1. Return the total of residues in segment B:270-291 being surrounded by fewer than 23 Cβ atoms within 10 Å (Cβ to Cβ), more than 9 Å from chain A (Cβ to nearest Cβ), more than 24 Å from A:A249 (Cα to Cα) and not charged (D, E, K, R).
2. From the list A:A242, A:A260, A:A249, exactly one residue is under 27 Å from A:L93 (Cα atoms) and hydrophobic (A, V, I, L, M, F, W, C). Which is it?
3. Report whether or not B:A229 is assigned to a helix (DSSP H, G or I) and in contact (Cβ under 8 Å) with a residue 24 or more places away in the chain.
4. Which of the residues spanning segment A:18-34 are of a type in the set (K, R) and either surrounded by 13 or more Cβ atoms within 10 Å (Cβ to Cβ) or assigned to a loop (DSSP other than H, G, I, E, B) (or both)?
5. Can you pull out the residues in segment A:203-225 that are in a loop (DSSP other than H, G, I, E, B) and within 14 Å of another protein chain (Cβ to nearest Cβ)?
6. I'm trying to understand the selection: among the residues of segment B:194-226, which are farther than 30 Å from B:R164 by Cα, in a loop (DSSP other than H, G, I, E, B) and more than 14 Å from chain A (Cβ to nearest Cβ)?
7. Quick check: anything in segment A:74-82 in a helix (DSSP H, G or I) and touching a Gly at 6+ places or on another chain (Cβ under 6 Å)?
8. Within segment A:111-127, take every residue that is more than 13 Å from A:A79 (Cβ to Cβ) and open to solvent by 10 Å² or more (accessible area, probe 1.4 Å) and give me the one that is nearest to the chain's Cα centre (by Cα).
Amino acid sequence: MSILIDQSTRVLVQGITGKEGLFHTNRMMEYGTEIVAGVTPGKGGDWVFDKVPVFNTCKAAVLASGANCSVIYVPALYAADAMLEAVTAGIKLVVCITEGVPLQDMMRVREYVDNCGARLIGPNCPGLLTPGECNVGIIPGDIAREGNVGVVSRSGTLTYEVLHTLSESGRGTSTCVGIGGDPISGTSFVDILRLFEEDPGTDQIVMIGEIGGQDEERAAEQIADRLSKPIVAFVAGRTAPAGKTMGHAGAIVEGGSGLADNKIRALREVGVRIANHPEEIPELLK
Amino acid sequence: MKLYEYQAKKLFAQNGISVSEGYVAVDEEGAKNIASGFGGDVMIKAQVLSGGRGKAGGVKLARNSEDAAMIAGEILRLEIGGYKVRNVLVEPAIVIKKEIYLAITNDRERKCPVLIASGAGGIDIEDVAEQEPDKIAREYVKPFMGLCNYQVRNVASEIDLPSRLWPEFVQIAMALYDAYVENDATIVEINPLVVNEEDALIAVDAKVVLDGNALMRQPEMRENIDWGAGQEYEIEAHRLGLSYVALDGQIGCLVNGAGLAMGTMDIIEYFGGEPANFLDIGGGANEEKVAGALRIILRDDRVKTVLINIFGGITRCDEVARGLIAAMNEVDVEIPIVVRLVGTNKDEGLRLLEDSDLILADSLVDAAKKAIELVKALGKDDRYEHSD
């Protein structure tokens, strides 16, 4: 079992004929993901890898393919339009990998996505992986194995590190969700924790947070009220200085808000076991 | 991506906001001429991209043009928050009846723009927020609807602005919102917005921070950015597409991915070491990037060892290893370097590094411990020599 994506997910790739789009479409297909269509305006009628039809618009692609999930690899200045297009075409799960989407674009996208009742993962995220079933995004599929640990993270390579550590210790993952490192994104920890709580295939959860914002604190409130499954968390950036953006646009301590120690305290208070470093995570799982 | 005060004022003036009159001088002579042109008291204000210039002595009142020349000279010799002062703005001093804070920025929690106003203007708004939170009024903006007049009246009412000033206040706030949207700003701020002797509202200070991600579609703003400001290494890191933040420890860090880079710093500290920097090399750790990153890390002579931590996902470990070897040949490295490679094609990568001088580590914990031992072995006295 899993959340959000599984073997029945029908994936549309926006920006499929670009360098990134092609590269990752190939990887996703190799993993076994069902890629049913691609969209590149002006390239409608083409085929990718002789298997995937390319359409000019999401509207046409969804109509022809029955896609129910879209993954976006278009350049940053066009990403907002791509997200709006996918949601308008009726896609309920949109995953935006693109990094560097302007903030004001994201505020408009977020308002629209919420109004449409769709779910957006990212932007600036590695995507999702349900081991053995479906890979949507850029997570290297071979580092994770099937299992009962749900993983949710704001990071990219740190997530891979954790998936790798879990695999090395003989543990597997139900679904891994990279929610992304931007200050304004589609999905927060709270949303994903709720889905894991309801998923019979997930018995425990690993949460990887970092400095900036209040998402981890909000998650802690949620955990206290509604979550019963055991959670292990690592929060990156205890050593980060205030006022500096640490790579991810959203990873910044501003005016005393967003400190790793505050997040760790909030999570620990509601019974979350805190890992001092990523390699400690397997020992803390049940 | 911050603009200078004088640039921000120009932008606001273009949008129809009254700003204090002023001219930029690059030397004492210039400041003197501007001051004598105005006559009377003038303010001399350092133009720097860092905050806290008032506390640093970068804003001063001059009584006459001779005084202006002397003060401008002093200010132009200052370095504020790591930035050399290269320009001063000279403006007539104005009589202030009331100071207001007015800004529009992104609210991260609510994922929308927010209009912020306070009757306690002229001072650090974060201090006001902490000490007297009820002195701050906020209105959240629906992105698709934009800021509405009634919202501005709401905050005007909350901060007890006399109603005769409301029409002008609304006009200014609406113009400020336009400036925010049109230029892809992340913050537009007037602090203070002054009520002067004639009961008019004038922007006496102005701040604009632009969204770096949107600069590609803002050609005018791109030209306004002073790309040469700040430290040389920051400029170089930006050129190479690296995220680099200097810290003050002895273990340099070179990592792919922001989260993993922070995690690497944290693990070094957890085992008793001190990270010297944050560095995310981004995707594709090729020769040019690795070499550039090493040069930036090694320019700090407190650095006694470097920990390279690469998770090969999309980027394969053997490619990374080749990049490392080439970079090591290119950069003159005199200190030990610990490398931890993991992920796709790890074995091939490690085999390539076998004959190098690099110290290989099996895991993140192992890498951190090895780096810390190396620093300890170099002797404890060493660190005090450079502890300034």
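The values are calculated or read from the model by the stated rules, or taken from the named source; none is laboratory data. Small disclaimer: the values here were computed from a predicted structure and weren't measured. No Cβ is skipped: glycine too gets one built from the backbone with ideal geometry, and neighbour counts run over all protein chains shown. These area figures cover heavy atoms from the full protein model, side chains too; ligands, DNA and RNA do not enter into them. Shrake-Rupley method; radii C 1.70, N 1.55, O 1.52, S 1.80 Å.
1. 2
2. Values: A:A242 fails: under 27 Å from A:L93 (Cα atoms); A:A260 fails: under 27 Å from A:L93 (Cα atoms).
A:A249 is the lone residue from the list that is under 27 Å from A:L93 (Cα atoms) and hydrophobic (A, V, I, L, M, F, W, C).
3. Against the criterion (assigned to a helix (DSSP H, G or I) and in contact (Cβ under 8 Å) with a residue 24 or more places away in the chain), B:A229 does not qualify.
4. Scanning segment A:18-34 gives a single hit, A:R27.
5. Those that are in a loop (DSSP other than H, G, I, E, B) and within 14 Å of another protein chain (Cβ to nearest Cβ): A:I211, A:G212, A:G213, A:Q214.
6. Here is the first cut: in segment B:194-226, the ones farther than 30 Å from B:R164 by Cα are B:209-226.
Next, from what is left, pick out any that are in a loop (DSSP other than H, G, I, E, B): B:211, B:218, B:225-226.
Across segment B:194-226, the qualifying residues are B:I225, B:D226.
7. Narrowing segment A:74-82 to residues in a helix (DSSP H, G or I): A:76-82.
From what's left, touching a Gly at 6+ places or on another chain (Cβ under 6 Å): A:76.
Yes, some residue in segment A:74-82 is in a helix (DSSP H, G or I) and touching a Gly at 6+ places or on another chain (Cβ under 6 Å).
8. A:R119
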